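**Student:** Got a structure for you, questions after.
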Amino acid sequence: ALGGAARDRKLVVLLSSTWFMVPTMSAYDHEHRFSVAQATQVLLGGELDEGIRRRIAERMLDYPDTLRDHPALAACARAAARPYERGPRWRHAFQLARLWFQGVKFQAKDELETIRSLSRRAEPEPPQALATSRPFSWDQMLSEADKYAQPPFDQPSDSKEYVRTAPPGSKDQWFIDLFGFDHNKGWTDLELMLDTLKELRARPLIIAIPVDASYYEAYGSSLAAVRQYYDHLESLCARHGFPLVHFPEHDRDRHFVYKHSDYLSGKGWLFVDRLMDDFYHDRLPSSDTIADSR
């Protein structure tokens, strides 16, 4: 939806492993994340080639209830996804005109609301320098990172010391099937996003929150199975020429994520913050995959 505004811009994509553990996003989750304004811009904008627009439209049509109250958008999504079923040319032109008018209306409303919001905002005070007793150092901050995973920043679970319940490697196939590399739609959506970023010539950094390997090992999955998840991520990002960081050195770090979820703890966020700071200031090594975040 940003179109040309994304060209040559840096951006960070933060991935959670749970997005790839289900066959597809639920209709409820899709409805609460779907933006009619952005979908309209994607279908009408000229920044994406027909192939990418077709694939985006196909995914929209997987959730017909979301489009039920937007007939013009639904008709144009069907036309983009199935051009051979487009129907009479005059009808398609009519729906495009309706969608174009709708897009203009959304943009005007957005700009007016922005103006109203800014006009009500008080004049900001000049920023004040933070008082500090020592020069800021990422190395010093990260050396003390464990304390940022303790209350009040986070609440590690006592169950982090997992008790093994299955022999090593006995659940490897279960783990691989869980991520469904060949059929879960989360991978389809990730590849579509990467293709879109490449088409727009954006400059992304892909960050994947590490899997809690200790948790899966206790339930019988080996590191070799966990590695297949990372290998798949690395392959997709390398194919598009985008750098990826997934913090494998923190797989068994009980303070890096909250419990066995893929929510970063206060410590985990410090490492991600350091990474984004390096990315912004062009301090990252120039490689397709950055496995170690230092």
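The values are calculated or read from the model by the stated rules, or taken from the named source; none is laboratory data. All values derive from a computational prediction rather than experimental measurement. Every residue, glycine among them, receives a Cβ derived from its backbone with ideal geometry; neighbour counts consider all protein chains shown. Quick note on the areas: whole protein, heavy atoms, side chains included, nothing else; ligands and nucleic acids left out. Shrake-Rupley method; radii C 1.70, N 1.55, O 1.52, S 1.80 Å.
**Student:** Would you confirm whether any residue within segment 214-234 is within 25 Å of ASP139 (Cβ to Cβ), open to solvent by 20 Å² or more (accessible area, probe 1.4 Å) and at pLDDT 90 or above?
**Tutor:** For segment 214-234, residues within 25 Å of ASP139 (Cβ to Cβ), open to solvent by 20 Å² or more (accessible area, probe 1.4 Å) and at pLDDT 90 or above: absent.
**Student:** Within segment 184-202, can one find any residue that is among the acidic types (Asp, Glu), in contact with a strand residue (DSSP E or B) (Cβ under 6 Å, 6 or more places away or on another chain) and assigned to a helix (DSSP H, G or I)? Working first, answer last.
**Tutor:** Filtering segment 184-202 down to residues among the acidic types (Asp, Glu) leaves 189, 191, 195, 199.
Then drop every residue that is not in contact with a strand residue (DSSP E or B) (Cβ under 6 Å, 6 or more places away or on another chain), which leaves none.
No, that holds for no residue.
**Student:** Any residue in segment 101-112 that's closer than 19 Å to ALA72 by Cα: show its pairings with residues that are of a type in the set (D, E, K, R) at Cβ separation under 8 Å, as long as the two are six or more apart or on different chains.
**Tutor:** Listed pairs, sorted by first residue: none to list.
**Student:** Here's a follow-up. Only one residue in TYR215, TYR229 is assigned to a helix (DSSP H, G or I), of a type outside the set (D, E, K, R) and in contact with a His (Cβ under 8 Å, 6 or more places away or on another chain). Which one?
**Tutor:** TYR215
**Student:** Quick check on VAL12: is it touching a residue at least 24 places away in the same chain (Cβ under 8 Å) and closer than 30 Å to PHE256 by Cβ?
**Tutor:** yes
**Student:** Quick one: in segment 2-57, of everything that is hydroxyl-bearing (Ser, Thr, Tyr) and assigned to a helix (DSSP H, G or I), which residue is most open to solvent (accessible area, probe 1.4 Å)?
**Tutor:** Just the residues of segment 2-57 that are hydroxyl-bearing (Ser, Thr, Tyr), to begin with: 16-18, 24, 26, 28, 35, 40.
From what's left, assigned to a helix (DSSP H, G or I): 17-18, 28, 40.
On the way: SER17: 8, THR18: 64, TYR28: 145, THR40: 2 Å².
The extreme case among them is TYR28.
**Student:** Output the number of the condition that TYR263 fails; it satisfies all remaining conditions of (1) under 19 Å from the mean Cα position of the chain (by Cα); (2) more than 26 Å from ALA149 (Cβ to Cβ).
**Tutor:** Evaluating TYR263 over (1) under 19 Å from the mean Cα position of the chain (by Cα); (2) more than 26 Å from ALA149 (Cβ to Cβ) leaves (2) as the failure.
**Student:** Here is a follow-up. Could you give me the residue pairs with C-beta distances under 6 Å whose first residue belongs to segment 17-32 and is under 13 Å from GLY186 (Cα atoms), whose second residue is open to solvent by 50 Å² or more (accessible area, probe 1.4 Å) wherever it lies, and which are 6+ apart or on separate chains?
**Tutor:** Between residues of segment 17-32 that are under 13 Å from GLY186 (Cα atoms) and residues that are open to solvent by 50 Å² or more (accessible area, probe 1.4 Å), the close pairs are THR24/LYS185.
**Student:** Could you please find all residues in segment 249-273 being crowded, with 18+ Cβ neighbours inside 10 Å, at pLDDT 80 or above and basic (Lys, Arg)?
**Tutor:** Matches in segment 249-273: LYS267 only.
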